[in-house]
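K.L.:
Below is one structure. I have some questions about it.
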Amino acid sequence: MMRGRSDGTQKRRLITSLCVVAIFLGFLYAYYGSIFGSQSHGASAIEYGSRSLRKLGYLGGDDETGGKQESSTKLFGQEDGVDEITPKSFPVCDDRHSELIPCLDRNLIYQMRLKLDLSLMEHYERHCPPPERRYNCLIPPPLGYKIPIKWPKSRDEVWKANIPHTHLAHEKSDQNWMVVKGERIEFPGGGTHFHYGADKYIASIANMLNFSNNNLNNEGRLRMVLDVGCGVASFGAYLLSSDIIAMSLAPNDVHQNQIQFALERGIPAYLGVLGTKRLPYPSRSFELAHCSRCRIDWLQRDGILLLELDRLLRPGGYFAYSSPEAYAQDEEDLRIWREMAALVGRMCWRIAAKRNQTVIWQKPLTNDCYHSREPGTLPPLCKSDDDPDAVWGVQMEACITPYSDYDHRVKGSGLAPWPQRLTDPPPRLADFGYSNDMFVKDTETWRQRVENYWDLLSPKIESNTLRNVMDMKTNMGSFAAALKTKDVWVMNVVPEDGPNTLKLIYDRGLIGTVHNWCEAFSTYPRTYDLLHAWTVFSDIEKKECSPEDLLIEMDRILRPTGFIIIRDKQSVVDFVKKYLAALHWEAVATTGSDSDQDGDDVVFIIQKKLWLTSGSLRDTE
């Protein structure tokens, strides 16, 4: 009996000792793995969460905050060498994460077992990882990655190695979406309902509306387009030559690379879905919405998705719908057509034109029709306390958004034709208490600043170096307005917790979205050539999120050899400089304020190096 108990005790002690040794070895593996992870390849170089690096003394900060930067004020304000450890390198993500979109990662949804309604497309909406599950590694480019083909040539062809996905070329081979030719993927300009080219299809829509010269821009009165379910965005690509800019929108669904192709081509595009939440655009933003066989059930949930388009369309705006239901070939198509026609009739839309496979509806110019409907008619008008411009995480509702008193009175949006509307004070300025003089001054200030930026960039860029530009924090869109003469487009980002000036952006004939930079942006890696960060880091400093996470996110969305312009206080610039080597960035220029209006602003310009992974990390300059 005693011998048996003694043997059991020895076994337990042996097991306990082995566990202690295993834990100790595991700690050593984690510690040295994190330090040397950037020198290794594949899964050994991947980690979750900002917390993990901070726990190892890599980034500083308090692990108990779960990624929060409670001492970020100190971080930007401290002197060199005081209680700070700056990494010499960051880990590199596994190659399978070369196209990671953190807030649209279906693997995360499965791992976290989120209970989402697939029928409502909730799984295609944003679901961001909590701090402990964030990847804080650098996203590698795919094998064989090349510097993207320059605009305008990129409209028609891209490098296959940059987006090594050819399933759409095979699946849509009869529709001329894209064709694989050697090392390139070419885009003939076709689509599901315009096999013979987007240019001819666009001209046919203009002809249906009796616009002069079959030009859809209608002498500058039609400038803003929302293309829902855009495919590879050839519709938006061919609109650009008519001075029309389209927000090409599609989810990261079974055709998951369509937006990636659009951005690689240099076409404005955004990952989004008509699901349960409002699209991130203010009311009355677009003159035309377009759906070409976009496979959306517009009748679901009392027409809630069609009512979301109604919110986004300007007075007198159009919805061009190309689909089998529009020409009713069989009994099911006829049923859908009858129900859809009845719904839009109750919404006060009228048929502006109908030909072959396409119908174009038009919204009313005033509220008169809404008020003349029979009591109890569905869909109802939205409640008076509903803010039609609130979009960040706001649920859609099955109601009609009536016009403001101003729009009703002027029978339209009161906007000048393009390009005059770019510099004319927008009618909605008064919503923010801004005066026309403030608008004019802001426009001139940013014109001077952008001119200075180009002087600083001139040794590094040519006329076609930049195409996809993001203004990470915009107010009235004057940075983008100053770039009108450049062959670029700008994604204007308005902070979700600041003045919701996005409607001013759209009134000026520019595009943009709302975002919180404590989260990842809804785009693929390597999709922007230039990021402009005006006081973005100072804003992050005031929030409970990490500036290091923001640096890694900026690296994710920036193309190799792309540029970052940081305009912020000196302490922010000093902070960023400490991470240049770890991020494989290099300083291009630093300069003080341009004028008395800039205060303590410092301009710091950075370029991202091209690096590849092939067994180890190497520079390929």
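K.L.:
Would you check if there is a residue in the range 372-383 being exposed (fewer than 15 other Cβ atoms within 10 Å of the Cβ) and under 31 Å from the mean Cα position of the chain (by Cα)?
P.N.:
Checking the range 372-383: at least one residue is exposed (fewer than 15 other Cβ atoms within 10 Å of the Cβ) and under 31 Å from the mean Cα position of the chain (by Cα).
K.L.:
Please give the strands (runs of 3 or more DSSP E) falling wholly within the range 525-610 in which 3 or more residues are open to solvent by 10 Å² or more (accessible area, probe 1.4 Å), in contact with a helix residue (DSSP H, G or I) (Cβ under 8 Å, 6 or more places away or on another chain) and not hydrophobic (A, V, I, L, M, F, W, C).
P.N.:
585-591
Table: residues versus (1) within 22 Å of His515 (Cβ to Cβ); (2) modelled with pLDDT of 95 or more; (3) charged (D, E, K, R).
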residue: Asp431; (1), (2), (3): yes, no, yes
residue: Val440; (1), (2), (3): no, yes, no
residue: Leu456; (1), (2), (3): no, yes, no
residue: Ile461; (1), (2), (3): no, yes, no
residue: Arg467; (1), (2), (3): yes, yes, yes
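K.L.:
For the range 132-146, enumerate the residues that are surrounded by fewer than 16 Cβ atoms within 10 Å (Cβ to Cβ) and either at pLDDT 95 or above or within 21 Å of the chain's Cα centre (by Cα) (or both).
P.N.:
Once the filter is applied, which keeps residues that are surrounded by fewer than 16 Cβ atoms within 10 Å (Cβ to Cβ) and either at pLDDT 95 or above or within 21 Å of the chain's Cα centre (by Cα) (or both), the range 132-146 yields only Lys146.
K.L.:
Please go through the range 308-338 and give me each residue that is surrounded by fewer than 21 Cβ atoms within 10 Å (Cβ to Cβ) and among the basic types (Lys, Arg), ordered by number.
P.N.:
Those that are surrounded by fewer than 21 Cβ atoms within 10 Å (Cβ to Cβ) and among the basic types (Lys, Arg): Arg335, Arg338.
K.L.:
Condition first: farther than 17 Å from Cys399 by Cβ, of a type outside the set (Asp, Glu) and surrounded by 18 or more Cβ atoms within 10 Å (Cβ to Cβ). Can you find one or more residues in the range 341-348 that meet it?
P.N.:
For the range 341-348, residues farther than 17 Å from Cys399 by Cβ, of a type outside the set (Asp, Glu) and surrounded by 18 or more Cβ atoms within 10 Å (Cβ to Cβ): absent.
K.L.:
For the range 95-125, name all the residues that are open to solvent by 20 Å² or more (accessible area, probe 1.4 Å), assigned to a loop (DSSP other than H, G, I, E, B) and either at pLDDT below 85 or under 28 Å from Pro141 (Cα atoms) (or both).
P.N.:
Residues satisfying the conditions are Glu99, Asp105.
K.L.:
Same structure, new question: hydroxyl-bearing (Ser, Thr, Tyr), within 30 Å of Asn107 (Cβ to Cβ), touching a residue at least 24 places away in the same chain (Cβ under 8 Å) and outside any loop (DSSP other than H, G, I, E, B): does that describe Tyr318? It would help to see each step written out before you state the result.
P.N.:
Values: hydroxyl-bearing (Ser, Thr, Tyr): yes; within 30 Å of Asn107 (Cβ to Cβ): no; touching a residue at least 24 places away in the same chain (Cβ under 8 Å): yes; outside any loop (DSSP other than H, G, I, E, B): yes.
So Tyr318 fails the test.
K.L.:
Can you find a residue in the range 281-288 that is in contact with a Lys or Arg (Cβ under 9 Å, 6 or more places away or on another chain), acidic (Asp, Glu) and more than 30 Å from Pro525 (Cα to Cα)?
P.N.:
Within the range 281-288, one or more residues are in contact with a Lys or Arg (Cβ under 9 Å, 6 or more places away or on another chain), acidic (Asp, Glu) and more than 30 Å from Pro525 (Cα to Cα).
K.L.:
Given the structure, is Val493 of a type in the set (Val, Ile, Thr), open to solvent by less than 10 Å² (accessible area, probe 1.4 Å) and out of contact with any Pro (no Cβ under 9 Å at 6 or more places or on another chain)?
P.N.:
It is true that Val493 is of a type in the set (Val, Ile, Thr), open to solvent by less than 10 Å² (accessible area, probe 1.4 Å) and out of contact with any Pro (no Cβ under 9 Å at 6 or more places or on another chain).
K.L.:
Also, quick follow-up: When you look at Gln300, is it out of contact with any Cys (no Cβ under 6 Å at 6 or more places or on another chain), polar (S, T, N, Q) and buried (at least 24 other Cβ atoms within 10 Å of the Cβ), yes or no?
P.N.:
no
K.L.:
Looking only at the range 467-474, decide whether some residue is under 21 Å from Gly599 (Cα atoms) and in contact with a His (Cβ under 7 Å, 6 or more places away or on another chain).
P.N.:
yes
K.L.:
Within the range 129-153, track down each residue that is in contact with a helix residue (DSSP H, G or I) (Cβ under 7 Å, 6 or more places away or on another chain) and either of a type in the set (Asp, Glu) or over 20 Å from Ser98 (Cβ atoms) (or both).
P.N.:
Passing the criteria: Pro131, Glu132.
K.L.:
Give me the pairs, please: first residue somewhere in the range 380-409 and closer than 27 Å to Leu120 by Cα and polar (S, T, N, Q), second residue anywhere and in a loop (DSSP other than H, G, I, E, B) and open to solvent by less than 30 Å² (accessible area, probe 1.4 Å), beta-carbon distance under 7 Å, and either six or more positions apart or on two chains.
P.N.:
The qualifying pairs are Gln395/Thr276; Thr401/Ser283; Thr401/Cys382; Thr401/Pro388.
K.L.:
Mind checking which pairs have a first residue in the range 413-436 that is under 13 Å from Ile505 (Cβ atoms) and a second that is open to solvent by 30 Å² or more (accessible area, probe 1.4 Å) and of a type in the set (A, V, I, L, M), Cβ under 7 Å, 6 or more apart or different chains?
P.N.:
Note: pairs meeting the criteria are Arg421/Leu415.
K.L.:
Can you list residue pairs whose Cβ atoms sit under 7 Å apart, with the first residue in the range 323-352 being in a loop (DSSP other than H, G, I, E, B) and the second being of a type in the set (Phe, Trp, Tyr)? Count only pairs 6 or more apart in sequence or on different chains.
P.N.:
Qualifying pairs under 7 Å: Ala328/Trp337; Cys348/Tyr370; Trp349/Trp361.
K.L.:
Give me a count of the residues in the range 360-392 that are in contact with a strand residue (DSSP E or B) (Cβ under 6 Å, 6 or more places away or on another chain) and at pLDDT below 95.
P.N.:
Total meeting the criteria: 0.
K.L.:
Which residues, counting only those in the range 411-429, are modelled with pLDDT under 95 and among the polar types (S, T, N, Q)?
P.N.:
Hit for the range 411-429 is Ser413, nothing else.
K.L.:
From the list Val488, Val493, which one is in contact with a Gly (Cβ under 8 Å, 6 or more places away or on another chain) and modelled with pLDDT of 95 or more?
P.N.:
Val493
K.L.:
In the range 147-162, which residue that is within 13 Å of Arg559 (Cα to Cα) and either open to solvent by less than 30 Å² (accessible area, probe 1.4 Å) or small (Gly, Ala, Ser) (or both) is modelled with the lowest pLDDT?
P.N.:
Of everything passing the filter in the range 147-162, Asn162 is modelled with the lowest pLDDT.
K.L.:
Report whether or not Asp297 is in a helix (DSSP H, G or I) and either touching a Ser or Thr at 6+ places or on another chain (Cβ under 8 Å) or of a type outside the set (Ser, Thr, Tyr) (or both).
P.N.:
Considered against the rule, which asks whether it is in a helix (DSSP H, G or I) and either touching a Ser or Thr at 6+ places or on another chain (Cβ under 8 Å) or of a type outside the set (Ser, Thr, Tyr) (or both), Asp297 comes out as no.
K.L.:
Return the pairs, sorted by first residue and then second, in which the second residue is crowded, with 17+ Cβ neighbours inside 10 Å, the first residue lies in the range 284-301 and is over 30 Å from Arg428 (Cβ atoms), the beta carbons are less than 6 Å apart, and the residues are 6+ apart or on different chains.
P.N.:
As it stands, the answer is Ser292/Gly191; Ser292/Thr192; Ser292/His193; Ser292/Ser322; Arg293/Thr192; Arg293/His193; Arg293/Ser323, since those pairs meet every condition given.
The values are calculated or read from the model by the stated rules, or taken from the named source; none is laboratory data. Worth saying up front: this structure is predicted, and the values here are computed from it rather than measured. Neighbour counts are summed over all protein chains in view; Cβ atoms, including those assigned to glycine, are modelled from backbone coordinates with ideal geometry. Protein only, heavy atoms only, side chains kept; ligands, DNA and RNA dropped before computing areas. Shrake-Rupley method; radii C 1.70, N 1.55, O 1.52, S 1.80 Å.
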